[in-house]
Amino acid sequence: MKMKTLRAVAVSHLVLGLILISISSSIAATDKPFPCDALERENYVHTQFGWQDVRPLEYLSYLRTHPANVFTVFGCKEGWVKEEDVPLLMEHLDSKEPCPNQVSANSSFLNTKRSTVGNEAAWLIQAFRVGRFPPGLNSTNNGPDPAELRRWWQERKQRASTQSSETPLVFTRER
């Protein structure tokens with residue numbers, strides 16, 4: 001009788017283990033953007049700085065004065081970084097001035113090394129590109145390349161100017 005019970009327990013553990021393995025193999029750990037959920041949108045009340053209540057350049061200025069090596073970003077906001085913020089952030093891409101790296105409160109990885117203003121400006125620009133802030137889990141992991149950001153921004157500006165020059169004028173008759 002004990003042997004049958006032990007065997008049943010072992011089989012149930014084996015089945016449970018296989019289920020967990022199959023579930024976890026379908027979930028890949030990435031640093032790619034994900035949509036903000038309702039809890040994340042409201043979760044920024046726990047933060048030490050109300051980043052959602054200021055523009056990205058003001059937030060970057062705050063990071064410059066923050067003494068810690070890491071700044072935890074609570075919450076998430078879609079569309080926080082606007083197109084008009086990008087040129088101002090681009091001016092800081094080459095900055096080597098030390099500042100804290102940013103980490104999402106959802107991240108399981110904590111890098112305790114300081115970052116640079118340039119790297120954090122790049123992460124904010126990436127937030128515009130993906131449509132949400134934070135754009136990933138950690139600003140120091142898989143961050144965007146400044147040269148690639150400059151190329152992307154030039155192409156975007158060029159495409160916008162080409163589209164606006166190709167748009168025909170439409171005249172309407174007043175009634």
- Residue pairs within 6 Å by beta carbon, gap of at least six or interchain, first lying in region 131-152 and over 23 Å from residue 52 (Cα atoms), second of a type in the set (Val, Ile, Thr) and surrounded by 17 or more Cβ atoms within 10 Å (Cβ to Cβ), listed first then second, are 149/125
- Query: Hey, residue 157 hits all of (1) among the basic types (Lys, Arg); (2) assigned to a helix (DSSP H, G or I); (3) in contact (Cβ under 8 Å) with a residue 24 or more places away in the chain but one; which does it fall short on?
  - Reply: (3)
- Task: Give region 64-82 a look and list any residue that's surrounded by 12 or more Cβ atoms within 10 Å (Cβ to Cβ), under 16 Å from the mean Cα position of the chain (by Cα) and not basic (Lys, Arg), or say none.
- Result: 70, 71, 72, 73, 74, 75, 76, 78, 80, 81
- Query: Out of the residues in region 138-168 that are of a type in the set (A, V, I, L, M) and modelled with pLDDT of 90 or more, which is farthest from residue 79 (Cα to Cα)?
  - Reply: 147
- Item | residue 114 closer than 24 Å to residue 87 by Cβ, surrounded by fewer than 19 Cβ atoms within 10 Å (Cβ to Cβ) and either β-branched (Val, Ile, Thr) or modelled with pLDDT of 85 or more (or both) | no
- Can you tell me which residues in region 111-125 are in contact (Cβ under 8 Å) with a residue 24 or more places away in the chain and either more than 15 Å from the chain's Cα centre (by Cα) or within 20 Å of residue 78 (Cα to Cα) (or both)? 111, 112, 113, 114, 115, 117, 118, 120, 121, 122, 124, 125
- Note on the structure: By residue number, the members of region 83-103 that are within 14 Å of the chain's Cα centre (by Cα) and within 13 Å of residue 127 (Cα to Cα) are 102
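Results for (1) surrounded by 19 or more Cβ atoms within 10 Å (Cβ to Cβ); (2) modelled with pLDDT of 90 or more, shown as yes or no for each residue.
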residue: 28; (1), (2): no, no
residue: 54; (1), (2): no, no
residue: 57; (1), (2): no, yes
residue: 89; (1), (2): yes, yes
residue: 97; (1), (2): no, yes
- residue 121 is checked against (1) touching a His at 6+ places or on another chain (Cβ under 8 Å); (2) under 29 Å from residue 160 (Cβ atoms); (3) at pLDDT below 90 and fails just one. What number does that condition carry? (3)
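The values are calculated or read from the model by the stated rules, or taken from the named source; none is laboratory data. Just so it is clear, the model here is predicted, and its values are computed rather than measured. Neighbour counts are summed over all protein chains in view; Cβ atoms, including those assigned to glycine, are modelled from backbone coordinates with ideal geometry.
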